[in-house]
Every structure is written in C-alpha cells, then in structure tokens.
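The block underneath contains the structure these notes are about, expressed in structure tokens.
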Amino acid sequence: MKSKKVLAALRTVTILETIGSHREQGITLKAMAEILDVSPPATFHLLQTLVEAGFLLRTEQPPRYFSGPRLHELALELAADKTEFRLEQRMRRLIEPYPGAAAYYCELRGNELMVIHEMRHHNEDLRLKRNINRFLAPYSSIASLIHLAFWPDSLRRYYESSHAFEVHGVVPWGNPARLEQTLEQIRQQGYYVSAEEGQPLRFGFPYHAPNGVLQGSLTLVFPRHEAVDASALGTWCRRILDDPDTESEQNKEK
C-alpha cells in the first residue's frame, strides 16, 4: 500500500498532466475530483496548494483551474540552456542585412512584460545588450499585443488580473472590442506590422522555445526605404524565425 506522501505526489503529477491537456478550456473542481477518484474537498485542498505555489491559476467566473505562471516559467527554464544562442542567432540574422535596424527580445517576468535583450547596428558590427529589464506599457507596446494574441488563456488572465483594461487599455483602444479585433488580425497573419507613412517599419513576432512554448516576443524596427516591401519583409522574417538555417541569401525577399 502506498504511503500518503506517495499518493499525494502521484495525485499532484496527475493534476499537472491533466491541466496540461486542458490548457485552453481549463477544468472544474468536480471534473478533477472524478479524474483523481477522491472527494471534492480533498481535491480542492490539493488544487489550492498548487494555486498558492503559482503552479495553477483559479478563475472565479466560471470557477475553473488553468496552468499558472510558475508552470510557464518551469517550461522556459527547461529549455533555457539551448535558447540563448538560438535567440541571438535569429536576432542577428534578422537585422544584419539592414543597416540601422534593431531587434528587441521581450518576455514576461513576474507579472510584467519587459525588454530583456536589445541588438542594434553599431558602426559595422552588431551590438547585443543583455538583461536590460525595461518595463513595457500594457496594451500599447507591440510586445504586449503579441503576447496577448498568442498567450494561452490562463497566462492572459494572469496578466490582465494585474493590468486591467479599464486602467491601462482605454486610452490606446477605447473599448475591448477594438483590441480584440486587432489581436485576431495578428493571430491570422502570424505577426504584427506597423507601416505608417514616413515612419520606420515595426514588426512584432511571437518567439517560441524549441519545445513549442511561447517564450517571448521579438520587436523588429527597420528604417523606412522605398525598396522595402512590408509584406515581403514580414514573410521573410517569419521564415527566419521558423528556421534560419534553411534560408539562403538568394531566397531573401528585398
């Protein structure tokens, strides 16, 4: 017969596996109790412990459980060893052909979105600044739009719980429907682009870790030039982010 500690550990593993397979819709207390084959009060105690530790997130209306920020952080930590070189390689490949261009890697730290790394042209080379940790404005920065568009519902709820639209989003968007329309356009296109007349071309892309987890976002700024087509440049950037090794200079779209 298994000890109480072993049973609790096995149930915790089952909870995390179940949450992982219900990332979008979440799961109710009753459904989780049935999966664990224990009473709802005992299940609530297990779930609440994981909520308090940050591994789960509980919504109130309706009451459901989702993966929490700590699970997201762990997924990124597991992939961290391979991602730094991979990230720098992509940033360099994206802006190297375009003098004056810049790349900004952004990530969720705690409950804030921050610029973590910045790469710019410096003389005839590229300079990377690490660990900048500069806060980004909710709802108005390109990075925040990318994350809101591609985050799983649980992370978006977590972020919005600290950055209410009524406080931070009304000025740039007016109403939630207008924001949602833009986020849906970003999802369909796969990236964000701002091509205002006379302004630099600005792109926002989701950046995934090798295990498929949304790790962060990349904001790219290119000097405006008549020969640069925004749509072609956006398509080329997406291919580089998918696999920079498969892109030859001959295939790059001017």
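Couple of notes before you dig in:
- Arg156 in contact with a helix residue (DSSP H, G or I) (Cβ under 8 Å, 6 or more places away or on another chain) and among the charged types (D, E, K, R): yes
- Condition met for Leu183 (within 30 Å of Asp242 (Cα to Cα), part of a helix (DSSP H, G or I) and at pLDDT 95 or above): yes
- Given (1) modelled with pLDDT of 95 or more; (2) exposed (fewer than 14 other Cβ atoms within 10 Å of the Cβ); (3) under 24 Å from Arg23 (Cα atoms), number of the condition Tyr191 does not satisfy: (2)
- Within the stretch 85-101, if we keep just the residues that are part of a helix (DSSP H, G or I) and not charged (D, E, K, R), the residue that is farthest from His208 (Cα to Cα) turns out to be Ile95.
- Selection count, the stretch 53-73, where residues are assigned to a helix (DSSP H, G or I) and in contact (Cβ under 8 Å) with a residue 60 or more places away in the chain: 2
- Set Leu46, Leu76, Leu50: member being assigned to a helix (DSSP H, G or I), modelled with pLDDT under 90 and of a type outside the set (S, T, N, Q): Leu76
- For the stretch 21-40, the set of residues classified as in contact with a strand residue (DSSP E or B) (Cβ under 7 Å, 6 or more places away or on another chain) and either closer than 19 Å to Pro69 by Cβ or charged (D, E, K, R) (or both) consists of Arg23, Gly26, Ile27, listed by residue number.
The values are calculated or read from the model by the stated rules, or taken from the named source; none is laboratory data. None of the values given here were measured: they were computed from a predicted structure. Glycine gets a Cβ as well: all are built from the backbone with ideal geometry, and neighbour counts include every protein chain shown.
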